[in-house]
Amino acid sequence: MSCTKIKKYIPNLFTYQNFLELYHKNKFKSLANKLNLSVPRNYSYNEAIKQKKFLFKPVDSHSGKGIKLLQKPSKESLNTYISKLKNISKESKYLLEEYIEGQLYSHSAFFSNNRIIRDFFVKEDCIANKFAVDVSCLEPNINTKVKVRIRAQIKKLAAFFNVSDCLIHTQFILDNHTFNILEITCRYPGDLYSLLIKFSTGYDYAKSYILPFLNKRNSVDPDNNDIRYIIRYTIFLKQGERYTGIKFNSPCKIIAFLPLLNLGHINNSDELQRLAIIFFESDNANDHLELYQKILSNNIFV
């Protein structure tokens, strides 16, 4: 957000108003419908309570905060969530959204001179919180036609905002060959996403993000077929838990361990707290898949 406010000093970047149109969930949904982007539909209050399930989202939330999956709620229970908005939303506004099932992915695209010069597709999963990513890895094998359609929609957005040099980061749900975009941002993604890309491909993600703010242009960087099998895993500490250390139930190769809390820390918050970010490496595709599944099933720690 802060970087967009220096737009007047740097050409061809997102403006602060552009940022708000993407960050504010209701504004983004209106924009997506205007541009004919593939997004889940919105429900009115009366439409929502007739659905089997739908998502309740504060319009200015992030990292899954305040998002709830509601299943056949009564008006009373929905009104209860709405009444609590002031505690999690500065605007106290919400949207009611179609619930889409499928595999979650992210797409990071670097634009230079009005075209995508390098992009990455990442498989993402949520363990501790259904709406916050904590395990992910590069996914080069997404269907080519899906990639082409995703890129086309992101290019359409970039053209609408008239930005030529930037990063556009997207999250989408893929079910077979049908995708729905959940959000699009122009910001640097969190939880050391840049290191996942750098460890996996060698591409300097952080440098490519920074260059346009220095009024410099990224050069075309060819895809690197020499991919390392890297998994990024963010460990969370639940409410009331104490951090006493981590013990693995089998050998694994760790290339980076970045603690975010000190030993002995007790989580007194009513929210999950990030404990550490770990980057694992596997020697081959089979070991990589097996480790990913072990993490998903909470079968990696003693």
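Observations on the structure shown:
- Consider segment 193-210 and keep the residues that are aliphatic (A, V, I, L, M) and either open to solvent by 60 Å² or more (accessible area, probe 1.4 Å) or in contact with a Lys or Arg (Cβ under 7 Å, 6 or more places away or on another chain) (or both). The one that is modelled with the lowest pLDDT is ILE210.
- Any chance TYR229 is of a type outside the set (Lys, Arg), touching a His at 6+ places or on another chain (Cβ under 8 Å) and farther than 30 Å from ASN42 by Cα: yes
- Residues located in segment 46-68, provided they are open to solvent by less than 60 Å² (accessible area, probe 1.4 Å) and either more than 24 Å from PRO189 (Cα to Cα) or among the acidic types (Asp, Glu) (or both): ALA48, ILE49, GLN51, PHE54, ASP60
- Residue match in segment 25-40 (condition: in contact (Cβ under 8 Å) with a residue 40 or more places away in the chain, farther than 24 Å from ILE127 by Cα, surrounded by 13 or more Cβ atoms within 10 Å (Cβ to Cβ) and among the charged types (D, E, K, R)): yes
- Top-ranked residue in segment 104-138 [being open to solvent by 20 Å² or more (accessible area, probe 1.4 Å) and of a type in the set (Val, Ile, Thr); ranked as farthest from LYS27 (Cα to Cα)]: ILE127
- When LEU291 is tested against the conditions (1) over 19 Å from ASP134 (Cα atoms); (2) in contact (Cβ under 8 Å) with a residue 12 or more places away in the chain; (3) assigned to a helix (DSSP H, G or I), the lone failure is (1).
- Test: residue in segment 86-103 that is of a type in the set (S, T, N, Q), closer than 21 Å to SER30 by Cα and open to solvent by less than 10 Å² (accessible area, probe 1.4 Å): yes
- In segment 84-107, residue farthest from ILE127 (Cα to Cα) [restricted to those that are among the polar types (S, T, N, Q) and modelled with pLDDT of 85 or more]: SER106
- Residues in segment 14-47 that are modelled with pLDDT under 95, under 21 Å from ASP165 (Cα atoms) and either touching a Phe, Trp or Tyr at 6+ places or on another chain (Cβ under 7 Å) or part of a loop (DSSP other than H, G, I, E, B) (or both): PHE14, THR15, ASN18, GLU21, LEU22.
- Every residue from segment 216-252 that is open to solvent by less than 100 Å² (accessible area, probe 1.4 Å), without any contact (Cβ under 8 Å) to a residue 60 or more places away in the chain and either over 29 Å from PHE111 (Cα atoms) or hydroxyl-bearing (Ser, Thr, Tyr) (or both): LEU237, GLY240, GLU241, TYR243, GLY245, ILE246, PHE248, ASN249, SER250, CYS252
- Pairing each residue of segment 253-281 that is under 16 Å from TYR292 (Cα atoms) and open to solvent by 60 Å² or more (accessible area, probe 1.4 Å) with any residue that is of a type in the set (D, E, K, R) and not in a loop (DSSP other than H, G, I, E, B), provided the two are 6+ apart or on different chains, yields C-beta distances under 8 Å for LYS253/GLU281; ILE254/GLU281.
- A count restricted to segment 100-136 and to residues that are among the hydroxyl-bearing types (Ser, Thr, Tyr) and more than 18 Å from ILE181 (Cβ to Cβ) stands at 1.
The values are calculated or read from the model by the stated rules, or taken from the named source; none is laboratory data. If you're wondering where the values come from, they're calculated on a predicted model, not measured in any experiment. Don't worry about glycine lacking a Cβ; one is built from the backbone with ideal geometry, like all the others, and counts go over all protein chains shown. These accessible areas exclude ligands, DNA and RNA; they are computed on the full protein's heavy atoms, side chains included. Shrake-Rupley method; radii C 1.70, N 1.55, O 1.52, S 1.80 Å.
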